[in-house]
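Engineer: Attaching a single structure in structure tokens format; questions to follow.
Derivation of every value follows stated rules applied to the coordinates shown; laboratory data play no part. All values reported here derive from a predicted model rather than from experimental measurement. Heads up, the Cβs are rebuilt from the backbone with ideal geometry, glycines too, and the neighbour counts pull from every protein chain shown.
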Amino acid sequence: MYLNSIFADPERTAKLINIAKTSLQPLLEGAIMNTIPLTIISFIVGMILAVLTALARISHVKIFQIIARVYVSAIRGTPLLVQLFIIFYGLPNIGVTLDPFISAVIGFSLSVGAYSSEVIRAAILSIPKGQWEAGYSIGMTYTQTLKRIILPQAAKVSIPPLSNSFISLVKDTSLASLVLVTEMFRRAQEIASTNYEFLLVYTEAALFYWVICFFLSVIQGILEKRLDRYAS
């Protein structure tokens, strides 16, 4: 029905083509200025949290284990949207007001850190204990063994699921529009609210997300090939 109305009316067809063309620039700006930087920054910070949390989970220090468990449980047990609202709309009630972009980075980083920590922990635990013993037998310390032997092997195991987390994060950044970050989806909302062509504009935004995720999938394949040299 929608397609029939388009092809049956040349003027409407021309209007939609014009809307699609004029939407490209603001959507691209939203992706370049906010969506992509938000994804990269949040993932980097999140991965630092993930590694620290994973190491805390396998640590012999009980307090570290407890803190890591509570953090992972709290983040995994509550919706990401609720976490973003608490950070951006809730913290001002106790005198902590954050920039929308910073609020989004904190929210997404905490989420990535919690979920990815379990991936990294599982990857580390999947490495045979003999690898640890081999490191100790040649005089390496715990840190040296972890850095030079365990983590490189664990990296290869964890790349596919972590890449999926990165791709999911690209899509999750659309939630940042609800805390006033003018990323790509918010630009799409603004455009659609002026011309009321919601299907066209949102489909166009979906294609942008798809293209970004496709290139990330290509990069994932390249990383997996480069890490093949660490295969046991």
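Engineer: For the range 49-71, how many residues meet the condition of being in a helix (DSSP H, G or I) and loosely packed, with under 14 Cβ neighbours inside 10 Å? If you could, list the steps in order and put the result at the bottom.
Structural biologist: Quick first cut of the range 49-71, residues in a helix (DSSP H, G or I) only: 49-57, 62-71.
Keeping just the survivors that are loosely packed, with under 14 Cβ neighbours inside 10 Å gives 62-63, 66, 69-70.
Count: 5.
Engineer: Restricting to the range 83-106, and then to whatever is out of contact with any Phe, Trp or Tyr (no Cβ under 6 Å at 6 or more places or on another chain) and under 13 Å from Ser42 (Cβ atoms), can you tell me which residue is surrounded by the fewest Cβ atoms within 10 Å (Cβ to Cβ)?
Structural biologist: As a first pass, look at the range 83-106 and keep what is out of contact with any Phe, Trp or Tyr (no Cβ under 6 Å at 6 or more places or on another chain): 83-102, 104-106.
When the remaining residues are screened for being under 13 Å from Ser42 (Cβ atoms), the result is 83-84, 87, 101-102, 104-106.
Details: Gln83: 20, Leu84: 25, Ile87: 20, Phe101: 19, Ile102: 13, Ala104: 28, Val105: 22, Ile106: 18.
So the residue we want is Ile102.
Engineer: Can you tell me which residues in the range 183-198 are under 12 Å from Thr22 (Cβ atoms) and among the small types (Gly, Ala, Ser)?
Structural biologist: none
Engineer: If a residue must be within 19 Å of the chain's Cα centre (by Cα) and free of Cβ contacts under 8 Å to residues at least 12 places away in the same chain, how many such residues does the range 198-218 contain?
Structural biologist: Keep residues of the range 198-218 that are within 19 Å of the chain's Cα centre (by Cα), which gives 205-218.
Those still in the list that are free of Cβ contacts under 8 Å to residues at least 12 places away in the same chain too: 206-207, 210-211, 214-215, 218.
Result for the range 198-218: 7.
Engineer: How many residues does the range 163-178 contain that are within 14 Å of Ser217 (Cα to Cα) and surrounded by 17 or more Cβ atoms within 10 Å (Cβ to Cβ)?
Structural biologist: Initially, the range 163-178 is screened for residues within 14 Å of Ser217 (Cα to Cα), giving 163-171.
Cutting the leftovers down to surrounded by 17 or more Cβ atoms within 10 Å (Cβ to Cβ) gives us 163, 165-167, 169-170.
Counting residues in the range 163-178 that are within 14 Å of Ser217 (Cα to Cα) and surrounded by 17 or more Cβ atoms within 10 Å (Cβ to Cβ) gives 6.
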